[in-house]
Amino acid sequence: MNIRAVRGTKDIFNDDAIKYNYITEIAKRIFENFNYNRIITPIFEETALFKRGIGEGTDIVEKEMYTFLDKGERSITLRPEGTASVVRAYLEHKIYGNEEITKWYYYGPMFRYERPQAGRYREFNQLGVEVLGSKNPKIDAEVIYMGYKLLEKIGISDLRVEINSVGGKETRLKYRKDLLKYLKDKKENLCNDCQTRYEKNPLRVLDCKVEKCKEIVKKAPILTEYLSEKEKKHYEEVKRLLNIYNIPFSENPKLVRGLDYYSNIVFEVITEKLGAQGTVLAGGRYDGLISTMGGKDTPAVGFAAGIERIMLLMNEKKTKKNRIGIVWLGEESSDYALLLANELRVNNFDVYMEYEKKSLRAQMKKIDKINAKYAIIVGEEEVKENKLVVKNLKTGEQIKIKRDTICEYMKGEINEI
Ligand code: ATP
Ligand code: MG
């Protein structure tokens, strides 16, 4: 069989799967600590949802969607992002009727037809949060804080948080007019993409990565100078709170997001290490989206992070802290070791043990290879005495303890993540 995974898709296994789990475990813990609940939405939706939610004229809707007709002739799209589905669910289940503020997190696969390269795939995974129902700047700051902490806790350094306010609809309309005026006689010098953006979504010219566009944009009118008093106040408050949270950030007045629905606060967490794929986490406030989707005017804010990009930044191999290897020697210790392994497993340790009888050397080699932190050795003598030899593989220290104290002992030695 020479069928391979489809271009832009990949298998995640072994070390990468450990990383994937590690990231989602830490994310889950932080989100749950902040009182967010998980939402699991369908992988595919009616195409109209994304067209309306993400907006015609965006890269995603224009060229990146996996859209097809199902056997019932319905137009279906594999979800390219999470927010549109979350809003649909919020409205469909009338969540707004039951609670003042809704805080949700999600993670799972997304699909975009893009040119595959490092950190950019056609099927990739995102984790994200969405808060619906409040305009309070405390929430903007909380969301940015969680995103930053998450990456920090995973151990990623050299991150930069950039923040901007793009104001509300009116502010953007005013700004858009002036920006178009400014760009008008420079249009020919913009890159091809930006010439299209000029017509469809001119604000996106601001964050074009092409050198000649960057040069042109340098002298463009500044978006934050168009903010109303109220919008300014909101922005100032979010920055004040980020300082209280001790999150290092810089203001980037040219930061605009690719999606139509953002308003006021937008932010990105960026690394220099992934080239053009440098944005690891991105989000903002989207106060206009829910009414666009047919709901009552409801403010909202959220972010999404690319799990594969986080994985690429985790250069250290992640190992399971609670992994124990059991070595058994001789037929007599086989059943004894089996029961020992099960007891440890029930107590939440991850236990490795050979099925076949092998030499001490061969077993130790394997245990070392899977990065276990401890080896427990069960030989004939230990069975007779009802004792176990526990070896700390990092320090090489070895002690003999009573069989029935093993779980307690290991719990003392291994702190869970
Ligand atoms: P980019 O500018 O890199 O295309 P984007 O603005 O399209 O990103 P969002 O829609 O905001 O990205 O998605 C949030 C995050 O999801 C990104 O910051 C990135 O980490 C990740 N991401 C987006 N597209 C891909 C992809 N094709 N492959 C892997 N990760 C992706
Ligand atoms: Mg993109």
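Observations on the model:
- Pairwise centroid distance, computed over Cα atoms, of the range 274-314 with the range 123-186, Å: 8
- ALA362-THR24 FRET efficiency (beta carbon distance; Förster radius 41 Å; 0.05 resolution): 0.75
- Helical runs assigned H by DSSP (4 residues or longer) give the chain a calculated mean residue ellipticity at 222 nm of -11000 deg cm²/dmol, each run adding -39500 (n - 2.57) before division by the residue total.
- Note that the chain presents 53 Å² accessible area per residue, ligands and nucleic acids not counted, probe 1.4 Å.
- Electrostatic tally near GLU382: other residues with Cβ closer than 12 Å to its Cβ, Lys and Arg +1, Asp and Glu -1, net +1.
- C-alpha center-to-center spacing [the range 347-399, the range 238-273] in angstrom: 49
- Sorted peptide list for 147-153, 280-286, criterion being average Cβ within 10 angstrom, highest first: 280-286, 147-153
- Distance (nanometres) between label positions extended 7 Å along Cα→Cβ at LYS63 and TYR355: 5.1
- Computed over the chain with a Gaussian network model linking Cα atoms closer than 10 Å, the most mobile of GLU380, GLU45, GLU130 is GLU380.
- The listed peptides 6-15, 405-414, ordered by packing as a protection proxy, come out as 405-414, 6-15 (highest mean of other Cβ atoms within 10 Å first).
- Potential extension, LEU338-ASN243 segment - 0.36 nm per residue separation minus Cα distance: 28.8 nm
- Too-long pairs where the Cα-Cα distance tops 22 Å, listed order kept, from LYS153/LYS232; LYS103/LYS138; LYS138/LYS200; LYS174/LYS232; LYS19/LYS149: LYS153/LYS232; LYS138/LYS200
- Based on the reciprocal of the average 1/r between different C-alpha atoms, the Kirkwood radius for the range 349-415 equals 12.7 Å.
- Checking the Cα-Cα distances for LYS10/LYS394; LYS10/LYS51; LYS366/LYS411; LYS177/LYS233; LYS10/LYS239 against a 29 Å cut-off, the pairs over it are LYS10/LYS394; LYS10/LYS239.
- Full extension of the chain between LYS402 and GLU152 gives 86.0 nm of extra length, using 0.36 nm per residue less the Cα-Cα distance.
- Each of THR196, ASN125, LEU159 was placed along the dipole of the range 77-201 (beta-carbon charges, centred on the mean Cα), and the one lying farthest toward the positive end is THR196.
The values are calculated or read from the model by the stated rules, or taken from the named source; none is laboratory data. In this text, all values refer to a predicted model and were calculated from it rather than measured experimentally. All Cβ positions, glycine included, derive from the backbone under ideal geometry; neighbour counts span all protein chains shown. Calculation scope for accessible area: heavy atoms of the full protein, side chains included, ligands and nucleic acids excluded. Shrake-Rupley method; radii C 1.70, N 1.55, O 1.52, S 1.80 Å.
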